[in-house]
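Take a look at the structure below.
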């Protein structure tokens, strides 16, 4: 999409410490210049996604519903939007540390939604041996097709990113998990497959949630990641196809992560599309570019319909972790009457991590958060499957989300 | 037959009764009888406002002289005096505190930017897009505080703000914990000036979100005693230690009405909240 008149870059777009500001009001920035620097190891810098002038640094609505510090940049309409000439790191001659550093400096994070800094995954602790690299080509949620388009349209870039990762980490094997309903993506990747690397394209069952990290590992390798452990403990590292493509871009053009593919979809939208969107574009501008919303549009969600966040303010910008924007119509967002739990057990069957949502829901209602921890609330990824199948319309996922927030508050208060 | 049954069951019961009686004598632990006496004088609300797990624990510590009777914020002066007199200790200095809400943005003055239709609790709304209110710091009006209040001191006004009754409020702190926006503070009841706003935006853009927000204009600071009111990071704050020098001047100077003079319950001067609890 074309550059909007203004972009807003929150300093907190990734898991870990927010970036520290490195520009001031009135500064002129070129496309690709950093506006925030990484603060520590689990943090990445933020780069300007368009040339322009910094007009304000202050509170701005963040897609997660809070207000956050953000840099507002008035985009220069007449700028060529060329990036400053930059060194393209020649990856083959680099050591692991230099590759990791280059990826961190480029601000690459997991583009699957959680926005975990990618370079951290590239440098696993020395006492773990990584035997398999898994590339997540399973779309994380219904409606979203951004990973699909990345694979179908940029198979070479994805495979180049895989090559960089495999060689720098010394991983012998790579599996790309793609859901079976994307034959064109599978075909595109197969065709571009290099002969000198052990890369397998593995068609997966189409189900939700398949794109969750631990689900994918189980589907691809058959290994179950123990509760509370990271995938690296079983010798596996998972990367989203979007992140891999972003890594490739770093070593192809030297460009940091300043654009991402966003699925803009839903019945409430006039012209659904997959767009390359500059990070920091306001939802208002994005929806306007898609010819706006229908009169019946009722809800705008960042992410997918299952786990995404409803947005209260269309001034919130697209951030690095924004996989999609879904606009739902009124009849799709109805809220049914909630009936008592009839203990039918459907939520137990639906839960992908084998929890007991019914019991957890009872605990959540009476604020027995400690008991919820004992029932492994931490393993719940808020996929929403339990709430989706519940015949009594109990908003289980929301109860768990609120419980997790309450536990975080207690924890923050205790320390 | 019936007689036999009665005898057998009765006999078994008698044997166990004797056993229990002996065990009771053998395992008996001496406990200060004053603990029971003090515990019976306490309100027995088990609210935890004193910081102890319950009234019994408070009684134990009071008898040992670890905690002053007045630390029971639920008990009235009479309770404190009775316990102090019974134990022969000083009652301690009582400073009555109440919960105050740091938000005055009811539905009549605060802008609502979206409709929230999820689980009707503040905690859930705060987790989803921060609720529908324009102000990201303001009260969500879904009454989590009123539900947790064991003393029924909080009622929701017509404009969706919780109104604390300073007479029944015991400063137990449950509402402070319940509010996901952290809008409640426990303050000495005689603190006069209060800035009822937590919005950190500075300048007039705050007024797009709420008519009674603190714009950090600093007018209240100018007339006040030095150090009484300070403006920093988006809101004005009042220093309680200089409460004696507090002056109504600050209230009249405030262009938005964010700062108020408290004399009893909050919000009594706001016509829109008339009809809600007034002390």
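Every number here is computed from the coordinates shown, using simple stated rules; none is lab data. The structure presented is a predicted model; accordingly, all values stated were derived computationally and were not measured. Don't worry about glycine lacking a Cβ; one is built from the backbone with ideal geometry, like all the others, and counts go over all protein chains shown.
Taking the Cβ of each residue in A:294, A:118, A:253 as the centre, tally the other Cβ atoms inside 10 Å and list the residues starting with the fewest.
Ordered by Cβ neighbours within 10 Å, fewest first: A:253, A:294, A:118.
List the relative contact order of chain A as a percent without decimals, with contacts defined as Cα pairs under 8 Å and 6+ residues apart.
16 percent
Among the DSSP beta bridges whose two residues both lie in the protein assembly as shown, what percent are antiparallel, rounded to the nearest 5?
70 percent
Mind jotting down the distance between the C-alpha centroids of segment A:209-229 and segment B:148-209, whole Å?
45 Å
Could you compute the FRET efficiency for residue A:167 and residue A:205, with r as their C-beta to C-beta distance and R0 at 35 Å, rounded to 0.05?
0.70
Can you give the average number of partner chain beta-carbon atoms within 10 Å of each beta-carbon in peptide A:62-75, as a whole number?
For this peptide, the per-residue mean of nearby foreign Cβ atoms is 2.
For the residues A:54, A:241, A:96, what sequence is obtained by ranking on other C-beta atoms within 10 Å, fewest first?
A:96, A:54, A:241
Can you pull the mean other chain C-beta count within 10 Å for peptide A:395-407?
Counting other chains' Cβ atoms within 10 Å and averaging over A:395-407 gives 4.
Rounded to the nearest 5, what is the percent of antiparallel bridges among the DSSP beta bridges in chain A?
65 percent
May I ask what percent, to the nearest 5, of DSSP beta bridges between residues of segment A:96-253 are antiparallel?
Antiparallel: roughly 5 percent of the beta bridges in segment A:96-253.
Test of understanding: in a Gaussian network model of chain B with alpha carbons linked when under 10 Å, which of B:153, B:17, B:114 would top the mean-square fluctuation ranking?
Result: B:17 has the largest fluctuation of those listed.
Most fluctuating residue of A:32, A:93, A:321 in a GNM of chain A with Cα springs under 10 Å: which is it?
A:93
Sort B:176, B:235, A:100 so that the residue with the fewest other Cβ atoms within 10 Å of its own Cβ comes first and the one with the most comes last.
B:176, A:100, B:235
Looking only at A:104, A:311, A:398, which one moves most when chain A is put into a Gaussian network model with springs between Cα atoms under 10 Å?
The residue that fluctuates most here is A:398.
Please compute the length gained on full extension between residue B:36 and residue B:19, using 0.36 nm multiplied by the number of residues separating them and subtracting their Cα-Cα distance.
3.5 nm
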